[in-house]
Structures are given as structure tokens and as C-alpha cells.
1. Of the residues that sit in segment 196-214 and are in contact with a strand residue (DSSP E or B) (Cβ under 9 Å, 6 or more places away or on another chain) and surrounded by fewer than 16 Cβ atoms within 10 Å (Cβ to Cβ), which one is modelled with the highest pLDDT?
2. Check 187, 143, 177, 157 and return the single one that is without any contact (Cβ under 8 Å) to a residue 60 or more places away in the chain, crowded, with 20+ Cβ neighbours inside 10 Å and of a type in the set (A, V, I, L, M).
3. Give the number of residues within segment 84-96 that are touching a strand residue (DSSP E or B) at 6+ places or on another chain (Cβ under 7 Å) and among the small types (Gly, Ala, Ser).
4. Check residue 168 against each of (1) touching a Ser or Thr at 6+ places or on another chain (Cβ under 7 Å); (2) in contact (Cβ under 8 Å) with a residue 40 or more places away in the chain and name the one condition it does not meet.
5. Could you look through segment 81-110, keep only residues that are part of a helix (DSSP H, G or I) and among the hydrophobic types (A, V, I, L, M, F, W, C), and pick out the one that is farthest from residue 158 (Cα to Cα)?
Amino acid sequence: MGTARVLIVDDDPELRHFLRTELELEGYACSEAATGQQALMQARGERWDLLLLDWTLPDFSGVELCRRLRGTDDRTPVLILTARDDVKERVEALDAGADDYLTKPFSIEELLARVRARLRQGPGDPGPAGDPLQPLRLADLEVNPASREVSRGGEPVALTGKEFELLQLLIRQPQQVHSRAAILEAVWGEHWVGDDNVLDVYVRALRRKLERPGASTLIQTVRGVGFMLKEGPPRG
């Protein structure tokens with residue numbers, strides 16, 4: 001395996017230089033971009049192993065940049081750097097397809113740990129083992145691992161990469177309780193470094209997309225343990 005390539009996107013030249021210096025000392029090959037447009041051109045024109053995106057950029061946000069890349073099925077891992085720590089904004093970043101986020105100010109040790117974790121997982125890591133061509137069903141929910149398409153009641157449901165992997169894990173073993181630790185390891189990687197509340201953010205996002213008012217609930221919380229996929233009473 002060659003040297004991992006990291007694109008650093010931030011409009012602060014001093015921070016870009018600092019991050020590049022620290023990452024290159026760790027053996028990574030780095031390039032920089034100061035705007036969303038520059039980053040978009042570089043991201044689409046070259047192969048990257050990780051994108052470090054600042055939320056606030058002079059033209060469009062790092063979240064919008066992430067959304068545009070995911071819209072072209074670019075699966076490069078994305079770590080958002082942001083001074084924002086509101087749950088609503090975390091959800092926005094994750095819904096846009098970000099794999100992780102780190103709130104400023106942060107320690108360089110934590111950043112490097114997050115970078116190592118994302119690079120170990122790699123782009124588009126598959127979910128649990130199984131026949132990738134076999135559609136998975138529960139009630140009126142269908143998940144197609146081969147095409148990564150999801151539908152409920154015949155209506156397509158658009159999911160981010162991590163949302164799909166989480167749902168795929170649950171539907172492969174329906175009516176079985178999955179502990180929080182087991183889910184984090186399976187979906188975010190054995191060496192996940194970060195706030196495990198990220199799981200709650202994704203579960204809420206999945207419920208919002210899958211469990212419309214009047215439809216049966218699907219993702220059940222098992223208090224003190226974790227989550228399971230099982231058809232429940234209609235959502236009010």
C-alpha cells in the first residue's frame with residue numbers, strides 16, 4: 001500500500017500549513033486548497049485517501065462540498081473540521097455524507113487519531129458479510145446491498161453511505177439486539193475514535209427517513225443495550 005494522500009481544505013493559510021506539517025511528519029502526502037471550488041477541482045481530478053474539510057470557506061461550505069462529491073458517488077472519506085458544536089449542525093454534516101467531524105479547537109493528537117481511524121477503514125468499506133447480490137427485506141422495507149438502493153412501500157429512500165451501512169447491519173440480523181459497541185465497531189471500524197453519540201445521530205436520521213407518520217416503526221431502542229430492527233406499532 002502506498003503513501004496515503006490527504007487534501008487539506010481551509011481558508012486559513014496558517015492552519016493549513018500547520019496541519020500539513022504535522023501530517024507530513026506522520027508520513028502522509030498532503031496538498032492544500034483554500035476555497036470550495038479549488039477543493040472540488042482537486043478532489044475530482046485526483047485520487048485522495050482522505051479529505052479534511054473546514055466547514056466555513058469563502059465561496060461555499062465544506063458541508064456543501066461534501067454534498068456535491070457524494071452526489072457524484074465519490075466515496076472518499078471526509079473529516080469535517082468545524083467550530084460549530086450544535087447537534088443540528090452535526091446532523092447536517094453527517095446527512096451531507098461526512099464520515100466524521102472534529103470541533104475546533106482540537107488537539108493535534110486527536111486529529112491524527114481520527115485521521116488514522118478513517119484511513120484504516122478506507123473508502124466505502126462494506127457492511128457485514130453476506131451475499132452482496134441478495135436483497136434484504138423486512139415488512140415493506142427492502143435493502144439492496146449490490147446497488148445500495150433502499151425502498152419502503154415501493155418508494156425509494158435516499159441514504160448517505162454510513163446510514164446505508166448501519167441499516168444493512170441491522171436488517172441482516174432482524175429482531176436481534178445489537179449493542180452500541182458492536183454497531184460502532186461494525187460500521188465505523190474496530191478502531192473508531194470519537195463520540196459514540198454519533199450513533200444516536202445516525203439512528204435519528206434513519207428513523208426520520210424510514211418511519212413516516214402512520215407507518216410502522218422499524219428501528220427499536222433496547223434501553224441500556226443498543227438497537228434492533230423489528231416491525232413495531234405505527235408512528236403517530
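1. Applying the filter and picking the extreme gives 207.
2. On inspection, the qualifying residue turns out to be 143.
3. Here the count works out to 1.
4. (1)
5. So in segment 81-110, the residues part of a helix (DSSP H, G or I) come out as 87-95, 108-110.
Imposing the further condition that a residue be among the hydrophobic types (A, V, I, L, M, F, W, C) reduces the set to 87, 91, 93-94, 108.
Working: 87: 21, 91: 15, 93: 16, 94: 13, 108: 35 Å.
Top of the filtered list is 108.
The values are calculated or read from the model by the stated rules, or taken from the named source; none is laboratory data. Computed from a predicted structure; not experimentally measured. With ideal geometry, Cβ positions are generated from the backbone for all residues, glycine too; neighbour counts draw on all protein chains shown.
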